[in-house]
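Novice: Dropping a structure here in structure tokens format, bear with me for questions.
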Amino acid sequence: MLSDLLKDKKIVLASQSPRRRELLKGLDVDFTVINPAAGEDYPDGLKKEEIAMYLAEKKAGSVHSVDDKNIIIASDTIVCLGDDILNKPAGRTEAIEMINRLSGGRHTVITGVCIRNGNRNSTFFSETEVFFSQLETEEIEYYVDTYKPYDKAGSYGIQEWIGFIGIEKIRGSYFNVMGLPVQRLYRELKKIIVN
């Protein structure tokens, strides 16, 4: 089991997200949490998946530990509608506008993950297609006013009310849309420990 392989290691999750904490707990490993001291800016010219991985590496790099006994896990999730990246909304109006744009169509969620052990980084991304049904204005406003999704890229959480009533189907990992592709993370952690 992964917990046995990690018994001599200290796992550190570099994230402020309660959803990522919940997902990592699902792997039955002990970990501590550190809020990463990294902004969400990135250089121009990067592809979408490169942006997610760059931000994950930036977060992992903000945790100052090069001890081989520490394994730092950091991730960043972006929501892409065509060529546009929908970041966290600035407030109610922008959140409603974003969900209106997603309503009735398909978008992509990309999560970049960086695992840092000592001076070595292992970085990967996971991509999921999400299909929204056509939402009514009242439904969108209810969701935004009730759940206040201002800390979420794309202005929504798949695990919340809007996911139950609005998402018709997905292609790819559900947990990736929540913010951490745990099945891929599990495999990557095993590789790091074995190697």
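The values are calculated or read from the model by the stated rules, or taken from the named source; none is laboratory data. A quick note: this is a predicted structure, and the numbers were derived from the prediction, not measured. No Cβ is skipped: glycine too gets one built from the backbone with ideal geometry, and neighbour counts run over all protein chains shown.
Novice: Output yes when any residue across region 53-64 is farther than 30 Å from LYS7 by Cα and either aromatic (Phe, Trp, Tyr) or outside any strand (DSSP E or B) (or both), and no when none is.
Specialist: Going through region 53-64, the residues farther than 30 Å from LYS7 by Cα turn out to be none.
No: zero hits.
Novice: Return the residues of region 125-148 that are more than 22 Å from GLU49 (Cα to Cα), in contact with a helix residue (DSSP H, G or I) (Cβ under 7 Å, 6 or more places away or on another chain) and outside any helix (DSSP H, G or I); say none if nothing qualifies.
Specialist: If the condition is that a residue be more than 22 Å from GLU49 (Cα to Cα), in contact with a helix residue (DSSP H, G or I) (Cβ under 7 Å, 6 or more places away or on another chain) and outside any helix (DSSP H, G or I), then SER133, LEU135 are the ones that fit.
Novice: Filter region 161-180 for residues that are farther than 22 Å from PHE125 by Cα and among the small types (Gly, Ala, Ser); which is farthest from the chain's Cα centre (by Cα)?
Specialist: Step by step, filter region 161-180, then rank; the result is GLY166.
Novice: Going by the conditions given, is LEU185 among the hydrophobic types (A, V, I, L, M, F, W, C) and either in a helix (DSSP H, G or I) or surrounded by fewer than 15 Cβ atoms within 10 Å (Cβ to Cβ) (or both)? Give the derivation first.
Specialist: Working: among the hydrophobic types (A, V, I, L, M, F, W, C): yes; either in a helix (DSSP H, G or I) or surrounded by fewer than 15 Cβ atoms within 10 Å (Cβ to Cβ) (or both): yes.
Judged against the criteria, LEU185 is a match.
Novice: Can you tell me how many residues in region 136-195 are touching a strand residue (DSSP E or B) at 6+ places or on another chain (Cβ under 9 Å), closer than 30 Å to LYS9 by Cα and of a type in the set (Ser, Thr, Tyr)?
Specialist: 2
Novice: If you take the residues in region 149-165 that are without any contact (Cβ under 8 Å) to a residue 40 or more places away in the chain and either assigned to a loop (DSSP other than H, G, I, E, B) or of a type outside the set (Gly, Ala, Ser) (or both), which one is farthest from LEU180 (Cα to Cα)? Working first, answer last.
Specialist: Let us first name the residues in region 149-165 that are without any contact (Cβ under 8 Å) to a residue 40 or more places away in the chain, namely 158, 160-161, 163-165.
Narrowing the set further to residues that are either assigned to a loop (DSSP other than H, G, I, E, B) or of a type outside the set (Gly, Ala, Ser) (or both) leaves 158, 160-161, 164-165.
Details: ILE158: 13, GLU160: 16, TRP161: 20, PHE164: 19, ILE165: 22 Å.
For region 149-165, the residue satisfying everything is ILE165.
Novice: State all residues of region 88-113 that are of a type in the set (D, E, K, R) and either closer than 13 Å to THR137 by Cβ or in a helix (DSSP H, G or I) (or both); if no residue qualifies, say none. It would help to see each step written out before you state the result.
Specialist: So the first thing to find is which residues in region 88-113 are of a type in the set (D, E, K, R), and the list is 88, 92, 94, 97, 101, 106.
Matches in region 88-113: ARG92, GLU94, GLU97, ARG101.
Novice: Then there is this: When you look at THR32, is it in contact with a Lys or Arg (Cβ under 9 Å, 6 or more places away or on another chain), surrounded by 19 or more Cβ atoms within 10 Å (Cβ to Cβ) and in a strand (DSSP E or B), yes or no? Write out each step before concluding.
Specialist: Details: in contact with a Lys or Arg (Cβ under 9 Å, 6 or more places away or on another chain): yes; surrounded by 19 or more Cβ atoms within 10 Å (Cβ to Cβ): no; in a strand (DSSP E or B): yes.
When the stated conditions are applied, THR32 does not pass them.
Okay, residues lined up against (1) surrounded by fewer than 18 Cβ atoms within 10 Å (Cβ to Cβ); (2) more than 18 Å from the chain's Cα centre (by Cα); (3) on the phi < 0 side of the Ramachandran plot; (4) among the β-branched types (Val, Ile, Thr):
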residue: SER15; (1), (2), (3), (4): no, no, yes, no
residue: GLU22; (1), (2), (3), (4): yes, no, yes, no
residue: ASP28; (1), (2), (3), (4): yes, yes, no, no
residue: ALA60; (1), (2), (3), (4): no, no, yes, no
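Novice: Related question: Are any residues in region 1-22 in contact with a Leu (Cβ under 7 Å, 6 or more places away or on another chain) and either outside any strand (DSSP E or B) or at pLDDT below 70 (or both), and if so, which ones? Please lay out each step first, then the result.
Specialist: Within region 1-22, the subset in contact with a Leu (Cβ under 7 Å, 6 or more places away or on another chain) is 2, 13, 20-21.
Answer for region 1-22, where residues must be in contact with a Leu (Cβ under 7 Å, 6 or more places away or on another chain) and either outside any strand (DSSP E or B) or at pLDDT below 70 (or both): LEU2, ARG20, ARG21.
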